[in-house]
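The values are calculated or read from the model by the stated rules, or taken from the named source; none is laboratory data. Here the structure is a predicted model, which means the values were calculated and not measured. Backbone-built Cβ (ideal geometry, glycine too); neighbour counts: all protein chains shown. Just the protein is used for accessible areas: all its heavy atoms, side chains included, with ligands, DNA and RNA removed. Shrake-Rupley method; radii C 1.70, N 1.55, O 1.52, S 1.80 Å.
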Amino acid sequence: MQNRKATIQKFFLGRHFTDGMIFKVAIYVLLISIGFVYLYPMLYMISNSLKSQSDIINPMINWIPSEFFMGNYQSAFRVLNYFSTFYKSWLVTLLPALIQTAVTSLIGYGFATFNFKFKKVWLVLVLLTFIIPPQVYMIPRYVMFFRLYLYRTPFSIILPALFGQGLNSAIFILIFYQFFRMIPKSLNEAAEIDGASQGYIFFKMAVPLSVPAYITSFLFGLVWYWNETYISSLFLDSSNANLQLKLANFVSEYQAVSGGNQNLVMLNEGVRLAATLLIILPMIIVYFTMQRWFVEGVEKTGITGE
């Protein structure tokens, strides 16, 4: 009887409690609950984007549509003018992300390798660009681009990245600063004794040793530029609107395409959800394609995103 009681107790509580059934069930319930919170919006969007208008207003149909209706995606493609807008979106996403990664790596390398006057002051100024909200300096930047005739063009988003003032550039400068500091100075000194120039040391030694930092910075820059709407709405006009701006004005765009039928717009939640899925689809593909490098880079840099 005692042995049976001990066996049952060991099954439920385990030897150290953490290997018992009760603890494992609690962990799984917690993980499934957290996973459901994240997956629910996605499942809701997929389900409703595949419903016809009759299925959307039918209270008897919840998750599985009576038929897989692709008309919502066709309408979303037409309203977003998808491929043309997709190209414009990549222009203000991929290009600044690449430039920002290259420029911030150079700045981080300079801070990590060289000693110069007021180095700590400059480093504090870099940090301030991240601490100070962008709304504070957006008006002077707006006036500057207006005077330079760059207002309402993609250059107003690309040029700040070229000068180390891209989206959250300070974070990437700090990532590269920490990575380059971990490279032993004796390695650089040995290369200098052998006659290597600073450019050779940077491109042939520092860059290959810092690949995880480059991948992480590029991926985060890509995602942040893709999801950014505040700067885009301020500096891009309708002829250069990206997918996010098109989604923000989706109702009016849909009304224009559908001839202004307001009742039809109210019923087409499925079209708006299809448009949302089409916009987040490129980032999902990028994530699953580069998941291994993404997770590895996050582990090595400690960055977790916003």
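Being assigned to a helix (DSSP H, G or I) and of a type in the set (D, E, K, R) is the filter; apply it to region 1-49 and report the residue that is nearest to Ala274 (Cα to Cα). Among those residues, the one meeting the criterion is Lys24. Taking interchain pairs and intrachain pairs at least six residues apart, which have beta carbon atoms under 6 angstrom, with the first residue in region 278-293 and over 21 Å from Thr85 (Cα atoms) and part of a helix (DSSP H, G or I) and the second modelled with pLDDT under 90 and open to solvent by less than 70 Å² (accessible area, probe 1.4 Å)? These pairs meet every condition: Trp293/Ile215.
The residues of region 169-215 that are in a helix (DSSP H, G or I), open to solvent by less than 30 Å² (accessible area, probe 1.4 Å) and of a type in the set (A, V, I, L, M, F, W, C), listed by number, are Ala170, Phe172, Ile173, Ile175, Phe176, Phe179, Phe180, Ala191, Ile201, Phe202, Ala206, Ala213.
Ile107 passes every criterion in (1) part of a helix (DSSP H, G or I); (2) touching a Leu at 6+ places or on another chain (Cβ under 6 Å) apart from (2). Step by step: first the residues of region 241-256, then only those that are over 21 Å from the mean Cα position of the chain (by Cα) and among the polar types (S, T, N, Q), then the one that is most open to solvent (accessible area, probe 1.4 Å). Which residue is that? So, considering only residues that are over 21 Å from the mean Cα position of the chain (by Cα) and among the polar types (S, T, N, Q), the one most open to solvent (accessible area, probe 1.4 Å) is Asn249.
Which of the residues belonging to region 127-158 are aromatic (Phe, Trp, Tyr) and touching a residue at least 60 places away in the same chain (Cβ under 8 Å)?
The answer is Tyr142, Phe145, Tyr151.
The set of residues in region 126-167 being in a helix (DSSP H, G or I) and touching a Leu at 6+ places or on another chain (Cβ under 6 Å) consists of Ser156, Ile158. When restricted to residues that are outside any helix (DSSP H, G or I) and among the aromatic types (Phe, Trp, Tyr), region 68-90 contains 2.
Evaluated against (1) over 21 Å from Val211 (Cβ atoms); (2) among the small types (Gly, Ala, Ser); (3) open to solvent by 20 Å² or more (accessible area, probe 1.4 Å), Ala102 falls short on exactly one condition, (1). For region 24-77, a residue qualifies if it is under 11 Å from Gly270 (Cα atoms) and acidic (Asp, Glu), and exactly one does: Asp55. Before we move on, is Leu123 more than 22 Å from Leu236 (Cβ to Cβ), part of a helix (DSSP H, G or I), open to solvent by less than 80 Å² (accessible area, probe 1.4 Å) and modelled with pLDDT under 85? The answer is no for Leu123. In this structure, is Met70 open to solvent by 80 Å² or more (accessible area, probe 1.4 Å), at pLDDT below 85 and hydrophobic (A, V, I, L, M, F, W, C)? In short, no.
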